[in-house]
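A.B. asks: Encoded as structure tokens, here's the structure I'll be asking about.
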Amino acid sequence: MATERIGSRLTAHGSRVTKNQGSNDPGNGAEGASAHRSPLTAHGPDAQATGVPPLRMVAWELTRNCNLSCMHCRASASCGPFEGELTTAECKNVIDSIASFASPTIILTGGEPLLREDIFEIIDYGHEKGLRLVIAVNGTLVDEPVAQRLRDSGIMRVSMSLDGKGATSHDTFRGVPGSFASVMNASNIFNKVGLPFQINTTVTRLNVDDLGEIYELVKSLGAVAWHVFLLVPVGRGEGLKGEELNAGMYEDVLQWLYSVETKNELEMKVTCAPHYYRIVKEKGDTPKSAGCLAGKSFLFISHRGIAQPCGYLEMASGDVRKEGVQKVWESSPVFNAIRDLRGYKGKCGACKYLRICGGCRARALELKGDVLQEEPYCSYLP
Ligand code: SF4
Ligand code: SF4
């Protein structure tokens, strides 16, 4: 298993620095990175050469404040305050900026987005501008009035995480006793008010043996979907290095997930495991999604307005507060490099499934030190 610590990483501008050099502070996300200062020239053609794909999904970290302390948290979120958070007016500018050139689904996330006092003002404004909004919550702040308000505001779906089959395992993962009970309670409330919800589960060695029971639990809760994530060891998830599955174990889990998904009992999505779509293809099936969407159809915006290809891929790709979303999406050197499959290296670069898979760019960066390197947790040999 490739769990060695990487002492250096490829910055977005193409040079290797140690974690202690330069302005890049991997511990607090990507805000310190300087990707937008100079182009990634080694493999990154300009937008004209690659074409600019439509922006279909935005994960927007409205806040880093959170009342939980999950072991795998990408944002290392905790009780704030976190400086530099976008103000209400700046959030509305971001919405205007997105709506001016695209109509993606926006995932309002955090931290815990319900901790923002202006959350419903932001939701209402987003809907006024015609955007589709969903929200990721941890369940602890959900009561009937909040759920009704979310439903009445037009939120299409809520997601919550469930990483264990019971209170002991889930609460250990989440860092707060009672968080499993909160998810159970919130599920009942969402069912009662008629707001669709999905459950997200992050797979590690801590819960891999319980996935079957978690699946049964998700069905019994009345969730409309189960999204299964493979751990990306960034943020507080770095502390889970050693709890990740190795490539062979991932292969087994992905094969099992395929057998479950094809039962068609529940909407499922295997997320941040792009090689799942290689497996789907190998089975003679048609993948219903592309693999890694980061920077290709997916954009992450941090609580400070810093764009990244996805929340786990800590490469600052522009400041939407200063540049607007369209300019960042269309001309970020980081995005252009990721979109250009000709620059991919290692076995991903040689793989016939590259277009439908892409490998996880965040794991490549974290574990191989180069965003264009091969996915470390794929066992396929091209
Ligand atoms: S880079 Fe990895 S974590 Fe990010 S969207 Fe792609 S597969 Fe998911
Ligand atoms: S080698 Fe890379 S591109 Fe090919 S299936 Fe594995 S992760 Fe995907």
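Throughout, read-outs are computed from the coordinates displayed, never taken from laboratory work. If you're wondering where the values come from, they're calculated on a predicted model, not measured in any experiment. Cβ atoms come from the backbone with ideal geometry, glycine included; neighbour counts cover every protein chain shown.
A.B. asks: Given Cβ point charges of +1 (Lys, Arg) and -1 (Asp, Glu) and nothing else, what value in debye, to the nearest 20, does the dipole of segment 283-382 about its Cα centre take?
C.D. replies: Working: 16 positive and 10 negative charges, 45 e Å.
Value, rounded to 20: 220 debye.
A.B. asks: If you don't mind, there's one more thing I want to ask. Under a crude label model (7 Å from the Cα following the beta-carbon direction), how far is D152 from E83 in nanometres?
C.D. replies: Label-label distance for D152 and E83, simple model: 4.0 nm.
A.B. asks: For segment 161-177, what does the Karplus curve 6.51 cos²θ - 1.76 cosθ + 1.60, with θ = phi - 60°, yield as ³J(HN,Hα) per residue in whole Hz, taken in order and with x for Gly and Pro?
C.D. replies: My calculation for segment 161-177 gives 9, 9, 10, x, 7, x, 4, 4, 6, 5, 5, 5, 5, 7, x, 9, x Hz in order.
A.B. asks: Which FRET efficiency, nearest 0.05, do E121 and K322 yield, Cβ-Cβ r, R0 25 Å? Display every interim value, and only then the final one.
C.D. replies: Values: r = 23 Å, r/R0 = 0.92.
Between E121 and K322 the formula returns 0.60.
A.B. asks: Which one, Y312, S297, T271, projects farthest toward the positive side of the charge dipole computed for segment 243-363 from Cβ point charges (K/R +1, D/E -1)?
C.D. replies: S297
A.B. asks: Follow-up question, since we're still on this one. Loop only per DSSP, at most 12 neighbouring Cβ atoms within 10 Å: give me the chymotrypsin sites (Phe, Trp or Tyr not before Pro) in segment 124-214, ordered by residue number.
C.D. replies: Numbers: sites: Y125, F173, F180, F190, F197; in loops: none.
Answer by residue number: there is no such site.
A.B. asks: Label points 7 Å out from Cα along the Cβ direction at E265 and K283: separation in nm?
C.D. replies: The answer from the label model is 1.5 nm.
A.B. asks: Give me S297, S97 sorted ascending by neighbouring Cβ count inside 10 Å, so fewest comes first.
C.D. replies: Ascending Cβ contact count within 10 Å gives the list S297, S97.
A.B. asks: Take the Cβ-Cβ distance between E216 and D143 as r, set R0 to 41 Å, and report the resulting FRET efficiency rounded to the nearest 0.05. Please report the intermediate quantities before stating the final value.
C.D. replies: Numbers: r = 27 Å, r/R0 = 0.65.
Taking R0 as 41 Å, the efficiency between E216 and D143 is 0.95.
A.B. asks: Quick check: pseudo-label points 7 Å beyond the Cα along Cα→Cβ at K347 and N191, how many nm apart are they?
C.D. replies: 4.3
A.B. asks: Considering only Cα-Cα distances, which of the following residue pairs are longer than 26 Å: K296/K322; K92/K368; K322/K347?
C.D. replies: Working: K296/K322 22 Å; K92/K368 38 Å; K322/K347 38 Å.
The answer is K92/K368; K322/K347.
A.B. asks: Something else now. 5 Å is the cut-off here: which amide hydrogens, built 1.01 Å from N in the peptide plane, fall below it relative to F229, excluding neighbours closer than 5 in sequence?
C.D. replies: T201, T202, V203, T271
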